[in-house]
1. Taking loop as defined by DSSP and a crowding limit of 11 other beta carbons within 10 Å, which trypsin sites (Lys or Arg not before Pro) in the stretch 30-84 fit?
2. How much net charge surrounds Ala44 when only the other residues with a Cβ under 10 Å from the Cβ of Ala44 are counted, with Lys and Arg +1 and Asp and Glu -1?
3. Would you compute, from DSSP H runs of 4+ residues alone, the mean residue ellipticity of the chain at 222 nm, taking -39500 (n - 2.57) per run and dividing by the full residue count, rounded to the nearest 500?
4. So for the pair Ala101, Ala113, with labels modelled 7 Å out along Cα→Cβ, what separation do we get in nm?
5. Given charges of +1 on the Cβ of Lys and Arg and -1 on the Cβ of Asp and Glu, with all other atoms neutral, how large is the dipole of the chain about its Cα centre, in debye to the nearest 20?
6. With a 1.4 Å probe and all protein chains in place, put Ser10, Ser45 in order of accessible area, largest first.
7. Given labels modelled 7 Å from the Cα in the Cβ direction, how far is it in nm from Leu153 to Asn2?
8. Using only the Cα atoms of the stretch 33-160, what are the Rg and Dmax in Å?
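The values are calculated or read from the model by the stated rules, or taken from the named source; none is laboratory data. In this text, all values refer to a predicted model and were calculated from it rather than measured experimentally. Ideal geometry is used to build each Cβ from the backbone, glycine not excepted, and the neighbour counts take in all protein chains shown. Calculation scope for accessible area: heavy atoms of the full protein, side chains included, ligands and nucleic acids excluded. Shrake-Rupley method; radii C 1.70, N 1.55, O 1.52, S 1.80 Å.
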Amino acid sequence: MNARLDALASPVTGKLVKHLVAAGKVVEATGLPVATQELVKIRASQINGCGGCLDMHTKEAAAAGETSLRLHLVAAWREATVFTEAERAALELTEQGTRIADAAGGVPDDVWARAAEHYDEEQLLALVSLIALINTFNRLNVILQQPAGGYRLGQLAHAK
């Protein structure tokens, strides 16, 4: 599979990606646990079928110390016993925020309330921002048919 376009070679898309990466750095610095951040990115990417993001974030998560068991069970998080209640709340919010068109009225109040039990306001804003960012990256990659499998750790950070 080949990408339809080389997004990073385009001055316009290159600038856009640079700003999206910078926004991601803001989220990374919020105190939202790194493991939670990677789980969120992986789950949204699974839902959206984004191979490029799955390639990147499973490798980044593993490099940060995530276990292969947890990585393999992200798609089945409801049935898995390896996630904390806070991570489960973040994964549920991720699913609802990613599938927003599937639910008239958006994210249900009970889903939000479960997340709010585990995260303070800044962390909730970081979580929502992260969900929005990974969905943006997923859409760019899926539309451009970005192939998966060749990601090297830190590659996007060094792309610009």
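1. Answer by residue number: Arg78.
2. Once positives and negatives cancel, what remains is +2.
3. -20000 deg cm²/dmol
4. Using points 7 Å along Cα→Cβ, the separation is 3.0 nm.
5. Charge dipole of the chain: 840 debye, to the nearest 20.
6. Ser10, Ser45
7. That separation, rounded to one decimal, is 3.2 nm.
8. Cα radius of gyration and Dmax of the stretch 33-160 are 14.3, 41 Å respectively.
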